[in-house]
Amino acid sequence: MSNDTFITGWGHTPFGKLDAADGEQLIRDAVEPALATAGLEAADIDGIFVGHFNSGFVPQDFSASLVALAVPGLRHVPAVRLENACATGSAAIWAALDAVASGRVRHALVVGFEIMNAGPGPVIAQTLLRCSYVKEEGATPAGFAGVFGNIAGGYFERFGDQSDALAAIAAKNHANGTHNPYAHMRRDLGFDFCRNPSDKNPFVAGPLKRSDCSLVSDGAAALVISAAPLASAKVPAVRWRSRTQVNDYLPLSRRDPTRFEGAALAWSRGLEAARLKLDDLGFVETHDCFTIAELLEYEAMGLAPHGQGARAILDGVTRKDGRLPVNPSGGLKSRGHPIGATGVSQHVMAAMQLTGLAGDMQVGTGKPGAVFNMGGAAVANYLSVLEAA
């Protein structure tokens, strides 16, 4: 892919369990700072791409139409909604990138948002389980946590108890998240809390405890994507070196659940297209919907051989002061995981890192960074390799 697409502005709401959350307000609170940081007006936007999973979280569907209600200046701008399970935000970004690269759109607005807490817990769990292969996995106890609990159980059975590694991943991400002003949970839980089951941290599914599971969150994030850096922008531009999407079978029965093969292909192809090696990266924002997912993603990105992902965290490689910091923002585990917003949020976090605007989250390497966002259990795998323009 030619280097003709740039992040030129961004906005991000706080993530959390937001009482009486309103979709239009969330969109407005993300879009207005995105336009302001890009130095653009609503009239400058040629296309709107909305990431919104919904699937029953809220009554309102047809959510691409909400952006014009939130920002009336966007009333006549073409808008479309994209959905790809937990990679919904990246699906919207990819569509915007294609539109800008085609020359049809000069400035695209990407908005990801979700209100997950409008209904009771069992409804949330059942809605999320639709991201699995319902014919075979739709009755999994504990919902999507049960799907990843089964993955973790199979990994433990094959490679031994990995509880120390999972607890270390959770503790790392929560410690990192204390420095993220947008995070759902800004609390350093510590290794001991994450390692030992308790009344406040019970087992949820298989070997996964509550501290191994990402948060059910409401929130929104937005990006402006342009064909060139903007003299009007209030923030430095960020460039894509490469972007890759690799899919895999939806049913876990059709593949080895302890290997994220599609993710590994996305990483190898994405790094090759960027003409980089893993050691050339300064940080990674990865999709830690569950701690076992981050562990398997270490192996997919090439930090450790299959079955040895624990080494990456236990040896300190992925800590904020390690060789390759992973989730300096706190990841989904601390920042939260409003489905449609997640992929957009990850790119905002990366843009802040690359432009030196990440505040106390900053890892300060000056190197390129990467974002990995996946839909389902490593079914839709998206990788962005990004650098300061």
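The values are calculated or read from the model by the stated rules, or taken from the named source; none is laboratory data. Only a predicted model underlies this, so the values are computations on that prediction, with no experimental measurement involved. Using ideal geometry, Cβ is built from the backbone for each residue, glycine included, and neighbour counts are taken over all protein chains shown. Keep in mind that these areas ignore ligands, DNA and RNA; they rest on the heavy atoms of the full protein, side chains included. Shrake-Rupley method; radii C 1.70, N 1.55, O 1.52, S 1.80 Å.
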Taking the range 231-242 and keeping only residues that are charged (D, E, K, R) and under 12 Å from residue 6 (Cα atoms), one is left with 239, 241
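On the basis of being within 21 Å of the chain's Cα centre (by Cα), farther than 22 Å from residue 345 by Cα and either open to solvent by less than 30 Å² (accessible area, probe 1.4 Å) or not aromatic (Phe, Trp, Tyr) (or both), does residue 260 make the cut? Walk me through how you get there before you give the answer.
On the way: within 21 Å of the chain's Cα centre (by Cα): yes; farther than 22 Å from residue 345 by Cα: yes; either open to solvent by less than 30 Å² (accessible area, probe 1.4 Å) or not aromatic (Phe, Trp, Tyr) (or both): yes.
Spelling it out, residue 260 is indeed within 21 Å of the chain's Cα centre (by Cα), farther than 22 Å from residue 345 by Cα and either open to solvent by less than 30 Å² (accessible area, probe 1.4 Å) or not aromatic (Phe, Trp, Tyr) (or both).
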Kindly indicate whether residue 151 is more than 24 Å from residue 298 (Cβ to Cβ), of a type in the set (A, V, I, L, M, F, W, C) and touching a helix residue (DSSP H, G or I) at 6+ places or on another chain (Cβ under 7 Å).
-> no
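Filter the helices (runs of 4 or more DSSP H) completely within the range 1-109 down to those with at least 2 residues that are open to solvent by 50 Å² or more (accessible area, probe 1.4 Å) and farther than 25 Å from residue 380 by Cα.
Working: elements: 23-38, 66-70, 88-102.
Per the criteria, 23-38.
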From the set of residues in the range 341-374 that are in a strand (DSSP E or B) and either open to solvent by 30 Å² or more (accessible area, probe 1.4 Å) or among the aliphatic types (A, V, I, L, M) (or both), which is farthest from residue 290 (Cα to Cα)?
-> 370
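Being hydroxyl-bearing (Ser, Thr, Tyr) and open to solvent by 20 Å² or more (accessible area, probe 1.4 Å) is the requirement here; does residue 140 meet it?
Working: hydroxyl-bearing (Ser, Thr, Tyr): yes; open to solvent by 20 Å² or more (accessible area, probe 1.4 Å): yes.
So residue 140 fits the description; yes.
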Within the range 91-106, residues within 16 Å of residue 9 (Cα to Cα) and among the charged types (D, E, K, R) come out as 106
Would you be able to say whether some residue in the range 235-257 is of a type in the set (D, E, K, R), in contact (Cβ under 8 Å) with a residue 24 or more places away in the chain, open to solvent by 50 Å² or more (accessible area, probe 1.4 Å) and not in a strand (DSSP E or B)?
-> no
Do we have any residue at all in the range 60-78 that's under 19 Å from residue 332 (Cα atoms) and in contact (Cβ under 8 Å) with a residue 40 or more places away in the chain?
-> no
For the range 153-184, what are the residues that are touching a Leu at 6+ places or on another chain (Cβ under 6 Å) and open to solvent by 50 Å² or more (accessible area, probe 1.4 Å)?
-> 184
